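What follows is a short report on a single structure.
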Amino acid sequence: MTFTETKLKGCFVLEPDVFKDKRGSFFESYNKQVFDEGIGAEINFVQDNQSFSTKGVIRAIHYQIGEHAQAKLVRVLQGEVLDVVVDLRKDSITFGQHIAIELSDSNKKQVFIPRGFGHGFVTLSDSAEFFYKCDNYYNKSSEGGIIYNDPTLNIDWRIEPDKIKASERDLNLPILSEARL
(Lines give C-alpha, C1' and ligand atoms only; values in the text may rest on other atoms or scores of the structure.)
Protein backbone atom coordinates (compact mmCIF):
# COMPACT_ATOMS: atom_id res chain seq x y z
CA MET A 1 0.00 0.00 0.00
CA THR A 2 1.21 3.48 -0.86
CA PHE A 3 0.62 6.32 1.62
CA THR A 4 0.79 9.90 0.33
CA GLU A 5 0.41 12.78 2.77
CA THR A 6 -1.72 15.61 1.39
CA LYS A 7 -1.13 19.35 1.85
CA LEU A 8 -3.22 18.95 5.04
CA LYS A 9 -0.72 17.60 7.57
CA GLY A 10 -1.73 14.19 8.88
CA CYS A 11 -4.27 13.56 6.11
CA PHE A 12 -3.22 10.74 3.77
CA VAL A 13 -4.37 9.19 0.49
CA LEU A 14 -3.90 5.41 0.49
CA GLU A 15 -3.56 3.36 -2.67
CA PRO A 16 -3.56 -0.43 -2.28
CA ASP A 17 -1.56 -2.91 -4.29
CA VAL A 18 -4.15 -4.64 -6.45
CA PHE A 19 -3.42 -8.13 -7.75
CA LYS A 20 -5.30 -9.04 -10.92
CA ASP A 21 -5.56 -12.19 -12.95
CA LYS A 22 -8.12 -13.89 -15.19
CA ARG A 23 -10.35 -14.60 -12.15
CA GLY A 24 -10.60 -10.99 -11.07
CA SER A 25 -8.67 -9.03 -8.46
CA PHE A 26 -7.61 -9.03 -4.82
CA PHE A 27 -6.28 -6.33 -2.49
CA GLU A 28 -5.80 -5.81 1.20
CA SER A 29 -7.99 -2.85 2.16
CA TYR A 30 -6.83 -2.59 5.77
CA ASN A 31 -4.03 -4.00 7.87
CA LYS A 32 -3.56 -2.28 11.24
CA GLN A 33 0.21 -2.74 11.36
CA VAL A 34 0.75 -1.47 7.79
CA PHE A 35 -1.74 1.37 8.32
CA ASP A 36 -0.23 2.63 11.60
CA GLU A 37 3.25 2.48 10.11
CA GLY A 38 2.10 4.26 6.94
CA ILE A 39 0.58 7.24 8.74
CA GLY A 40 3.13 7.29 11.56
CA ALA A 41 0.58 7.00 14.37
CA GLU A 42 -1.41 4.33 16.15
CA ILE A 43 -5.13 4.47 15.42
CA ASN A 44 -7.68 2.13 16.97
CA PHE A 45 -10.85 2.05 14.92
CA VAL A 46 -13.98 1.21 16.94
CA GLN A 47 -16.91 1.82 14.60
CA ASP A 48 -17.67 1.15 10.92
CA ASN A 49 -20.31 3.12 9.00
CA GLN A 50 -21.74 2.69 5.53
CA SER A 51 -24.04 4.83 3.42
CA PHE A 52 -25.76 4.55 0.06
CA SER A 53 -26.35 7.68 -2.02
CA THR A 54 -27.66 8.49 -5.47
CA LYS A 55 -26.11 10.91 -7.98
CA GLY A 56 -25.92 14.49 -6.74
CA VAL A 57 -26.30 13.68 -3.05
CA ILE A 58 -24.02 15.85 -0.94
CA ARG A 59 -23.27 14.78 2.58
CA ALA A 60 -22.06 18.12 3.92
CA ILE A 61 -18.97 18.96 5.92
CA HIS A 62 -19.45 16.96 9.13
CA TYR A 63 -17.22 16.48 12.17
CA GLN A 64 -17.22 15.70 15.90
CA ILE A 65 -15.63 18.04 18.44
CA GLY A 66 -13.94 17.70 21.82
CA GLU A 67 -13.45 14.32 23.43
CA HIS A 68 -15.71 12.74 20.79
CA ALA A 69 -13.66 13.94 17.79
CA GLN A 70 -13.18 11.19 15.22
CA ALA A 71 -10.44 10.14 12.85
CA LYS A 72 -11.81 8.33 9.79
CA LEU A 73 -10.59 6.02 7.07
CA VAL A 74 -12.97 6.36 4.11
CA ARG A 75 -13.44 4.50 0.82
CA VAL A 76 -16.01 3.72 -1.85
CA LEU A 77 -17.24 0.15 -2.27
CA GLN A 78 -19.39 0.86 -5.35
CA GLY A 79 -19.60 3.93 -7.56
CA GLU A 80 -17.68 7.20 -7.49
CA VAL A 81 -17.64 10.20 -5.17
CA LEU A 82 -15.75 13.45 -4.82
CA ASP A 83 -14.43 13.28 -1.28
CA VAL A 84 -13.67 16.57 0.51
CA VAL A 85 -11.60 17.09 3.65
CA VAL A 86 -11.39 20.49 5.41
CA ASP A 87 -8.77 21.41 8.00
CA LEU A 88 -10.65 22.76 11.05
CA ARG A 89 -7.65 22.91 13.41
CA LYS A 90 -7.53 26.60 14.41
CA ASP A 91 -3.78 26.45 15.11
CA SER A 92 -2.94 24.86 11.74
CA ILE A 93 -1.28 26.78 8.91
CA THR A 94 -3.81 25.11 6.58
CA PHE A 95 -6.89 26.02 8.69
CA GLY A 96 -9.89 26.45 6.38
CA GLN A 97 -8.14 24.81 3.43
CA HIS A 98 -9.44 21.66 1.80
CA ILE A 99 -8.54 18.83 -0.52
CA ALA A 100 -10.88 17.07 -2.92
CA ILE A 101 -10.15 13.63 -4.33
CA GLU A 102 -12.12 11.16 -6.41
CA LEU A 103 -12.72 7.87 -4.65
CA SER A 104 -14.23 5.00 -6.60
CA ASP A 105 -14.63 1.26 -6.74
CA SER A 106 -12.23 1.26 -9.69
CA ASN A 107 -9.35 3.33 -8.24
CA LYS A 108 -9.76 1.77 -4.76
CA LYS A 109 -8.18 4.84 -3.13
CA GLN A 110 -8.87 5.60 0.52
CA VAL A 111 -8.43 8.76 2.58
CA PHE A 112 -7.32 8.91 6.20
CA ILE A 113 -8.83 11.94 7.92
CA PRO A 114 -7.35 12.75 11.36
CA ARG A 115 -9.26 14.26 14.25
CA GLY A 116 -9.80 17.99 13.84
CA PHE A 117 -10.96 17.82 10.23
CA GLY A 118 -14.35 18.14 8.56
CA HIS A 119 -15.46 15.68 5.92
CA GLY A 120 -18.04 15.52 3.16
CA PHE A 121 -18.65 14.01 -0.24
CA VAL A 122 -20.86 14.22 -3.30
CA THR A 123 -21.93 11.23 -5.38
CA LEU A 124 -20.73 11.57 -8.98
CA SER A 125 -21.97 8.21 -10.31
CA ASP A 126 -25.60 7.05 -10.52
CA SER A 127 -25.16 5.65 -7.01
CA ALA A 128 -22.39 5.00 -4.50
CA GLU A 129 -21.82 2.81 -1.48
CA PHE A 130 -19.53 4.68 0.93
CA PHE A 131 -17.70 3.00 3.82
CA TYR A 132 -15.73 4.45 6.70
CA LYS A 133 -14.00 3.41 9.87
CA CYS A 134 -13.99 5.72 12.92
CA ASP A 135 -11.64 5.75 15.89
CA ASN A 136 -14.29 7.09 18.29
CA TYR A 137 -17.96 6.46 18.82
CA TYR A 138 -20.54 8.86 17.40
CA ASN A 139 -21.92 11.35 19.94
CA LYS A 140 -24.85 13.51 18.83
CA SER A 141 -24.08 16.36 21.25
CA SER A 142 -20.57 16.68 19.79
CA GLU A 143 -21.50 16.82 16.11
CA GLY A 144 -20.81 19.86 14.03
CA GLY A 145 -21.12 20.86 10.42
CA ILE A 146 -20.46 23.50 7.81
CA ILE A 147 -22.71 24.17 4.84
CA TYR A 148 -21.38 22.68 1.62
CA ASN A 149 -21.43 25.98 -0.31
CA ASP A 150 -19.57 28.09 2.25
CA PRO A 151 -18.08 30.99 0.23
CA THR A 152 -14.78 31.07 2.16
CA LEU A 153 -14.17 27.35 1.60
CA ASN A 154 -15.10 27.77 -2.08
CA ILE A 155 -15.31 24.02 -2.75
CA ASP A 156 -15.84 22.97 -6.35
CA TRP A 157 -18.19 20.01 -5.89
CA ARG A 158 -18.07 19.36 -9.65
CA ILE A 159 -21.83 19.15 -9.94
CA GLU A 160 -24.37 21.69 -11.14
CA PRO A 161 -26.10 23.51 -8.25
CA ASP A 162 -29.57 22.51 -9.51
CA LYS A 163 -28.54 18.82 -9.42
CA ILE A 164 -27.48 18.87 -5.76
CA LYS A 165 -29.51 16.84 -3.28
CA ALA A 166 -28.91 17.63 0.38
CA SER A 167 -30.78 16.92 3.58
CA GLU A 168 -32.73 19.70 5.25
CA ARG A 169 -30.28 19.50 8.15
CA ASP A 170 -27.27 19.93 5.85
CA LEU A 171 -28.90 22.86 4.06
CA ASN A 172 -29.19 24.66 7.40
CA LEU A 173 -25.61 24.22 8.59
CA PRO A 174 -23.61 27.37 9.39
CA ILE A 175 -20.73 28.83 7.41
CA LEU A 176 -17.19 28.21 8.70
CA SER A 177 -16.91 31.53 10.57
CA GLU A 178 -20.07 30.72 12.57
CA ALA A 179 -19.41 26.99 13.09
CA ARG A 180 -18.91 25.46 16.51
CA LEU A 181 -15.31 24.26 16.44
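A few comments on the model shown:
- Single condition Glu129 does not satisfy, out of (1) outside any loop (DSSP other than H, G, I, E, B); (2) under 16 Å from Leu181 (Cα atoms); (3) not hydrophobic (A, V, I, L, M, F, W, C): (2)
- Count of the range 10-30 residues which are in contact (Cβ under 8 Å) with a residue 12 or more places away in the chain, outside any strand (DSSP E or B) and more than 15 Å from Asn107 (Cα to Cα): 3
- Per-region count, the range 70-118, residues among the charged types (D, E, K, R) and under 27 Å from Phe26 (Cα atoms): 8
- Of the candidates Tyr148, Tyr137, the single residue that is more than 19 Å from Gln47 (Cβ to Cβ), touching a residue at least 12 places away in the same chain (Cβ under 8 Å), in contact with a helix residue (DSSP H, G or I) (Cβ under 8 Å, 6 or more places away or on another chain) and in a loop (DSSP other than H, G, I, E, B) is Tyr148.
- For Pro161, the requirement of being surrounded by fewer than 18 Cβ atoms within 10 Å (Cβ to Cβ), over 16 Å from the mean Cα position of the chain (by Cα) and modelled with pLDDT under 95 is met.
- Answer residue from the range 94-121, given it is of a type outside the set (Gly, Ala, Ser) and in contact with a helix residue (DSSP H, G or I) (Cβ under 9 Å, 6 or more places away or on another chain) and is surrounded by the fewest Cβ atoms within 10 Å (Cβ to Cβ) among those: Pro114
- Checking each residue in the range 125-152 for being surrounded by 15 or more Cβ atoms within 10 Å (Cβ to Cβ) and in contact with a Leu (Cβ under 6 Å, 6 or more places away or on another chain) picks out Glu129, Phe131, Lys133, Gly145, Ile146, Ile147, Asp150.
The values are calculated or read from the model by the stated rules, or taken from the named source; none is laboratory data. Every value quoted in this text rests on a predicted model; they were computed, and no experiment measured them. Glycine gets a Cβ as well: all are built from the backbone with ideal geometry, and neighbour counts include every protein chain shown.
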